[in-house]
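The values are calculated or read from the model by the stated rules, or taken from the named source; none is laboratory data. The model shown is predicted, which means the values in this text are computed figures rather than measured ones. For neighbour counting, all protein chains shown are included, and Cβ atoms are generated from backbone atoms with ideal geometry for every residue, glycine included. The protein model used for the area step is the full one, side chains on, heavy atoms only, and it has no ligands, DNA or RNA in it. Shrake-Rupley method; radii C 1.70, N 1.55, O 1.52, S 1.80 Å.
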Amino acid sequence: MVQTTVFMLGATGYIGGSVLDQLVKKHPEFIYTALVRNPKDNKAIEALNVKVAQGSHSDLDLIEKVASESDIVFNCGDADDLPLTEAILK
């Protein structure tokens with residue numbers, strides 16, 4: 001069985017953190033990866049059984065790579081960053 005993969009941007013924020021928490025609770029069978037800028041937040045994300053992709057919204061190559069490998073992408077971090085959105089859609 002192929003597992004659904006999810007990439008989350010904004011997972012350490014108020015909205016993104018709430019979305020990720022509910023997704024993990026409702027769909028624990030999915031494989032999750034979150035873009036995390038600050039390494040001090042890694043433990044909290046990993047505690048949810050979520051893989052960390054270390055980087056920021058300016059790491060467009062990383063975002064493009066992880067987004068292209070994911071079935072679902074949630075961007076809860078920045079709604080008006082055109083280069084970020086383009087990297088997700090590539």
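Before moving on, here are some points about what is shown:
- A residue that is among the hydroxyl-bearing types (Ser, Thr, Tyr) and in contact with a helix residue (DSSP H, G or I) (Cβ under 7 Å, 6 or more places away or on another chain) can be found somewhere in the range 24-33.
- Within the range 28-90, helices (runs of 4 or more DSSP H) holding 2 or more residues that are open to solvent by less than 70 Å² (accessible area, probe 1.4 Å) and at pLDDT 95 or above: 42-46, 60-68
- Residues of the range 1-42 classified as free of Cβ contacts under 8 Å to residues at least 12 places away in the same chain and of a type in the set (Asp, Glu), total: 0
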